[in-house]
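First up is the structure itself, then whatever we jot down about it.
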Amino acid sequence: MAHIVVPEAEAILDKEFPVLDRGFVRLVDYLGGDRRIVQAARVSYGEGTKTIREDRLLIDYLMQHQHTSPFEQVILTFHAKMPIFVARQWVRHRTARINEISGRYSVMRNEFYLPPEDDIRFQSKSNRQGRSTEEVPPELRKKVLDRLVQGQESAYQAYDEMIAEDISRELARINLPLSLYTEWYWQIDLHNLFHFLKLRLDWHAQKEIRQYAEEMSKITKAVAPMAFTAFEEYMLYAVQLSRSQVTRLREALADTQPELLKELEQEL
């Protein structure tokens, strides 16, 4: 297969897309694009064997019917900078290759995440993992931010003093908080990247990691726009029904809208 160049992806290579107060994500490299997906699916070589419309239909078919291996032929490498608590959620996706900055070898910079004041919220009563929509009084928001800043400054001062005293870096780092920024190179194939984006763009995901996913989705769309549109149609905004839910839906439509039921069954 010939090397595939995607002009839209070339235009954003090594461009930093800011995230949060000090973070970013950028596309370091990519392998393939929409053309690689259809070439892999057809096991063909060269260009011009099919039209753009036929390529789009094929990609849609692959995505809809979960034929995932052609999407694995496309690989993206990101350089990302994020708070450690975001990285620990991110690393749960074990389908990527990661190379992270090491606090054993490098002196960590005095860079910490501080949330915007409007993002300080109470614990949700319905979602054990997340924040509520109830606003926190301004005086309490300020108190929370002051506590965060105080803790960050104190922890880094102690770290900096130990480094100056030639204490081992691997020991000096251990009291640094989760709000400290880290960096890594993160390489993943398109199929598994779509799975990551589906989970991390969901409203249940923590807001901070959603912001990284939003920027990465724009980059992914630049590399493989047809595949990304199919991802939106058949994964991101699709709804999966259980067997019993399908049965109830069929029964309801059979009584009220039999023609619509027939059309839906033909599409499926």
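Derivation of every value follows stated rules applied to the coordinates shown; laboratory data play no part. All of these numbers come straight from a predicted model, not from anything done at the bench. Cβ coordinates were reconstructed from backbone atoms using ideal geometry, including for glycine residues, and neighbour counts include every protein chain displayed.
Report the calculated FRET efficiency for residue 235 and residue 28 (r = Cβ-Cβ distance, R0 = 22 Å), to the nearest 0.05. Write down the numbers at each step before the final one.
Working: r = 25 Å, r/R0 = 1.13.
Efficiency for this residue pair is about 0.30.
I'd like the FRET efficiency for residue 118 and residue 198, computed as 1/(1 + (r/R0)^6) with the beta carbon distance as r and R0 of 25 Å, rounded to 0.05.
Details: r = 27 Å, r/R0 = 1.07.
That gives a FRET efficiency of 0.40.
Per residue of the chain, what 222 nm ellipticity follows from adding -39500 (n - 2.57) for every DSSP H run with n ≥ 4, rounded to the nearest 500? Intermediate values should be presented prior to the final figure.
On the way: 11 runs with 123 residues, N = 268.
Value at 222 nm, helices only, nearest 500: -14000 deg cm²/dmol.
Quickly work out the residue 128-to-residue 250 label distance, labels modelled 7 Å from Cα along the C-beta direction, and quote it in nm with one decimal.
3.6 nm
On a full-extension model of 0.36 nm per residue, what is the gain between residue 53 and residue 104, subtracting their alpha-carbon distance, rounded to one decimal in nm?
Working: separation 51, 0.36 × 51 = 18.36 nm, distance 5.21 nm.
Taking residue 53 through residue 104 to full extension adds about 13.1 nm, to one decimal.
Note the per residue figure in Å³ for the convex hull of the C-alpha positions in segment 114-178. Write out the running numbers ahead of the final one.
Details: hull volume 5.5 nm³, N = 65.
Spelled out: Cα convex hull of segment 114-178, divided by residues, is 84 Å³.
Taking just the alpha-carbon atoms of the chain, what radius of gyration and Dmax come out, in angstrom?
For the chain, the Cα radius of gyration and maximum Cα-Cα distance read 23.3, 79 Å.
Tell me which GluC sites (Glu not before Pro) from segment 2-111 have a DSSP coil assignment and no more than 10 other beta carbons within 10 Å of their own.
Values: sites: 8, 10, 16, 47, 54, 72, 100, 111; in loops: 16, 47, 111.
Passing sites in segment 2-111 are 47.
Obtain the nm distance between the two label points defined at residue 218 and residue 93 by a simple spin-label model: each point lies 7 Å from its Cα along the Cα-to-C-beta direction.
Spacing of the two 7 Å Cα→Cβ label points: 1.7 nm.
Scan segment 203-268 for chymotrypsin sites (Phe, Trp or Tyr not before Pro) in coil per DSSP, keeping those whose Cβ has at most 11 other Cβ atoms within 10 Å, and list them by number.
Values: sites: 203, 212, 228, 231, 234, 237; in loops: 203, 237.
The qualifying sites are 203, 237.
Per q in 0.18, 0.20 Å⁻¹, report the Debye log10 I(q)/I(0) for segment 1-88, using one uniform scatterer on each alpha carbon and no solvent.
Listed by q, the Debye log ratios stand at -0.86, -0.95.
Using Cα centres only, tell me the gap between segment 109-183 and segment 195-263 in whole Å.
34 Å
Past 29 Å, Cα to Cα, is the threshold; run 50/221; 125/198; 125/218; 15/198 against it and keep the listed order. Present the calculation step by step, with values, prior to reporting the outcome.
Details: 50/221 22 Å; 125/198 25 Å; 125/218 33 Å; 15/198 24 Å.
Over 29 Å apart, Cα to Cα: 125/218.
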